[in-house]
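Only one structure is covered here, and it is reproduced in the block below.
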Amino acid sequence: MSDTHFGFQTVDETQKAGRVRGVFDSVASKYDVMNDLMSMGLHRAWKAYTVAIANLREGQRVLDIAGGTGDLARAFAKKVGPTGTVFHTDINEAMLRQGRNRLLDEGLVLPTLICDGEALPFGTASFDLVSVAFGLRNMTHKERALTEMNRVLKPGGRLLVLEFSKIAPPLAKAYDWYSFNVLPRIGQLVAGDAQSYRYLAESIRVHPGQAELKAMMKDAGFGHVDVHNLSAGVVALHVGIKC
Ligand code: SAM
């Protein structure tokens, strides 16, 4: 058995998925309002940038992994139109249910599936684009997940990984103060859960930075990987092309 990170804790890798499930079960109903509050609305700009880089065309097939409440799936669905397909997927039923209800309220019916990013229930070369936003950090075997994402892409298809990353050093102190003092307090006030937001701050610190994630994507089979730093590296968008 091997160990892995759950935030700053070291846990047996068989325990991580259950602990992550606990976090998202707890925050699902307040997830969207918390995203706006914690990022001061910036997550909308990061996602809009991701949608622009995706540059989808009508009729394309897209898989959104760890799709949660459906921000990316919804935007992608508008781009691929009625002849395209966007699969809205997540391992967590509470998050997926929240997202599906929200999309249904907007008149959008997408194929919605509970699925683990580490073992995708799709055939090889099925998608033009695969996305994972703020989800890879929570996965136990990131290399396995990236290899699966590569497998389900068509040759020439692209993987978009939007994830917290390493902030520019001059801003690191202020960002740490905000993350470890302010975030858990907002979590307690709004969602009644400081611990899950402490996990968020910790999990960002132990997640691979820009260069390390790029190397992991190359190891997983992506021939070319571009890195776009957003908000001074608070977040990075990695774009991998399957050869
Ligand atoms: N993509 C959405 C967004 O950007 O707003 C949701 C991101 S949320 C921070 C992280 C999501 O990753 C959660 O919904 C969680 O259930 C999901 N997740 C964690 N581990 C996963 C796994 N192994 N496979 C698929 N989804 C996973």
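The numbers here are math on the coordinates, done by the rules we state, and not lab data. Everything numeric here is computed off the predicted structure, so don't read it as measured data. Cβ: placed from backbone, ideal geometry, glycine included. Neighbour counts: every protein chain shown.
What to note about this one:
- R0 of 45 Å, Cβ-Cβ distance K218-L104: FRET efficiency to nearest 0.05: 0.70
- Euclidean distance of C-alpha centroids, segment 228-243 and segment 86-131, integer Å: 22
- When the chain is treated as a GNM with alpha-carbon contacts under 10 Å, the residue of A125, A73, A220 showing the greatest mean-square fluctuation is A125.
- Residues L171, L37, sorted so that the one with the fewest Cβ neighbours within 10 Å comes first: L171, L37
- Length added when fully stretched, T10-D226, from 0.36 nm per residue minus Cα-Cα: 74.7 nm
- Sum of side-chain charges, G18 neighbourhood, beta-carbon under 12 Å (Lys, Arg +1; Asp, Glu -1): 0
- Evaluated over segment 21-242, the Cα radius of gyration and Dmax, each in Å: 16.6, 48
- Residue among G187, G70, G123 with the largest mean-square fluctuation in a Gaussian network model of the chain, springs linking Cα atoms under 10 Å: G123
- DSSP bridge orientation in segment 21-242 - percent antiparallel, rounded to nearest 5: 45
- Proximal charge balance of G84 [Cβ under 9 Å; K/R count +1, D/E count -1]: +1
- Electrostatic dipole magnitude of the chain [Cβ: Lys, Arg +1; Asp, Glu -1; Cα centre; debye, to 20]: 440
- Charge tally for F122 (other residues, Cβ to Cβ under 11 Å; Lys, Arg +1; Asp, Glu -1): +1.
- Listed residue (P184, H228, N92) projecting farthest to the positive dipole end of the chain, Cβ model: H228
- Cα lying deepest toward the dipole's positive end in segment 1-80, options G67, A17, S2, charges on Cβ: G67
- Modelled spin labels at D176 and Y49, positioned 7 Å past Cα toward Cβ, are 2.4 nm from each other.
- Lysines whose Cα lies under 30 Å from that of K79, excluding same-chain neighbours fewer than 8 positions away: K30, K47, K142, K154, K214, K218, K242
- Springs join every pair of Cα atoms under 10 Å in this Gaussian network model of the chain, and among E118, E13, E202 the largest mean-square fluctuation is at E13.
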